[in-house]
Amino acid sequence: MGRLTRALGAFALASCGWLVGADAALGFDGFGDTAVDSTYGQGITFEVELTGGEPERLELLLSTPGDEGSFVTPVEPSESSATHVWDTSAGYLTPNTVITYRWRAVDGETAIVSDEATFRYVDDRPGLDWQSTRLGEATVHWYGDSQGQALRFGELTAQGVARAEQLLGTRLAGPVDVFVYDTREDFFGALGPGAREWTGAAAYSELRTIFMWLGGGSTSYLEVAMLHEVTHIVFHDATDNPYHEPARWLNEGIATWAERSEADDERSIVQLEAGGGGLFAFEAITEQFPIGERGGRLSYAQGASLVDLIVRDHGEEAIAAIAAAYRAGASDAEALEAGTGMTADDLYASFYAEFGADAPQAIQPDPIAPSNVDRPPAGRVDPGGVEPGTERPPDEGAPTEEEPTPGEPGEPAEDGPGILVLLGIAAIIAVGAAVVVARRTAGSAP
């Protein structure tokens, strides 16, 4: 969510409360104490005390990081209090999400809004006896016997932040939380139903949160993944703008390149694919990566390899200039040109030339083939109002099967509509003439 939208939304809510004041003529005196409680994976309960009676209408305003505005849900008050339950068993909510909420009472066009408050939705499943420690910009959380690896992740977070800040020419905007899970069930229970089965670490940049699974790979893999994920959060801060997200290939490419400050392995993958199945157009991996092992691997590899080419030919300062352009509201093409001095098309062309590959061409869709579904014959049209199995007798004067209508079967008669039109015109003329005669006759009477 962009800062501009958030600022306008907050100003609107604040202005609403300021305009009506505490003396608004509502059926209640105001809001009392509020309370929030939650059970992970089940629900969040919001409660508020109402003094002086029930308002005409009561609403709860909810928002989470990245929302473009507040979600408004009506709440039915009960005498001097009100309760609303957010069912998180039906709608998944990522742990460590900070929820901002306000209560609003409405009477006609007058409204009173309570003070803004926040609540953090935590993963409090049985057996997760979380312990925490602060290491620089990171707060690391673990349970069980994972303290040693958790503290190592905290150290790597500090290293990754420093390296990403230098590359992107910016500073981390706020602290980072790292949650270390011991089992697969615990880890995927936190990531929710949308997680890919091969995931071993995940960063939620807007929540400033990283989830790590100790069983997601070897120790060396996990340490590299830690550097990758924290780079995503720094990239989010470096490119945050009110208009759009940067290209995904660039986001993942920078995070992959930052793991070792090079992309030799990724270049090998691109070189192999260039001589085999071919490469992707960068426009095709701007929003989402293809599903499947080859699609994901090649998308990451192309992104990191192009970042490597930019750093080699234009220096690391080009990456910082690209990030600054995004912060100013540039499009993908404008940001790349701001950092490299090359148009996006020329930059992509140099990438494909680097690997001796032809630039991917747009694939024209095949025309839609005619339907091959067997359809029953139309048969006779049901005249309606007739019991099934009976025949409606023909109207007097209506053509029968023995007396076909003029023209070809299935076609309207050529003269029928014309005759009806002429008859209608004649009737109108006759009526008009009769009216004129009547008026003249009435006018000549003594």
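Values in this text are rule-based calculations from the coordinates and carry no lab data. No experiment lies behind these values; they were computed from the predicted model shown. A quick note on method: Cβ atoms are made from the backbone with ideal geometry, for glycine too, and the neighbour counts reach across all protein chains shown.
Per-residue HN-Hα couplings for the stretch 291-300, Karplus 6.51 cos²θ - 1.76 cosθ + 1.60 at θ = phi - 60°, whole Hz, x for Gly and Pro?
Calculated HN-Hα couplings, in order: 7, x, 4, 5, x, x, 4, 5, 5, 4 Hz.
Just to check I understand the Karplus step: with θ = phi - 60° and J = 6.51 cos²θ - 1.76 cosθ + 1.60, what whole-Hz values come out for the stretch 204-220, glycine and proline as x?
10, 4, 5, 8, 6, 9, 10, 10, 10, 10, 5, x, x, x, 5, 4, 5
Among Glu317, Glu266, which comes first, then next, by fewest other beta-carbon atoms within 10 Å?
Glu317, Glu266
Considering amide H positions built from the backbone, and no H for Pro or chain starts, which residues 5 or more places from Ser146, or on another chain, come under 5 Å of its amide H?
none
Which whole-number value in Å³ per residue fits the convex hull of the alpha carbons of the stretch 126-240?
That works out to 100 Å³ per residue.
With a Förster radius of 45 Å, plug the Cβ-Cβ distance of Thr45 and Ala362 into 1/(1 + (r/R0)^6) and report the FRET value to the nearest 0.05.
Efficiency computed from Cβ-Cβ geometry: 0.30.
Cut-off is 10 Å between beta-carbons; in what order do Asp37, Asp346 appear when sorted fewest neighbours first?
Asp37, Asp346
Using θ = phi - 60° and the Karplus curve 6.51 cos²θ - 1.76 cosθ + 1.60, what whole-Hz ³J(HN,Hα) does each residue of the stretch 275-283 get, with Gly and Pro shown as x?
x, x, x, x, 9, 8, 6, 5, 5
Arranged from highest to lowest average of other beta-carbon atoms within 10 Å per residue, in what order do the peptides 128-134, 40-46, 138-144 appear?
Answer by packing, highest mean first, reads 138-144, 40-46, 128-134.
List the residues, sorted by chain then number, that are 5 or more residues from Ala138 or on another chain and whose placed amide H is less than 5 Å from its amide H.
Here Val176 satisfy the definition.
At a 10 angstrom cut-off on C-beta neighbours, averaged per residue, how do the peptides 301-310, 195-204, 223-232 rank from highest to lowest?
The packing order, highest mean first, is 301-310, 223-232, 195-204.
Check which residues have an amide H placed less than 5 Å from Trp213's amide H, if you skip close sequence neighbours.
Under 5 Å from the amide H of Trp213 lie the amide H atoms of Tyr181, each far enough along the sequence or on another chain.
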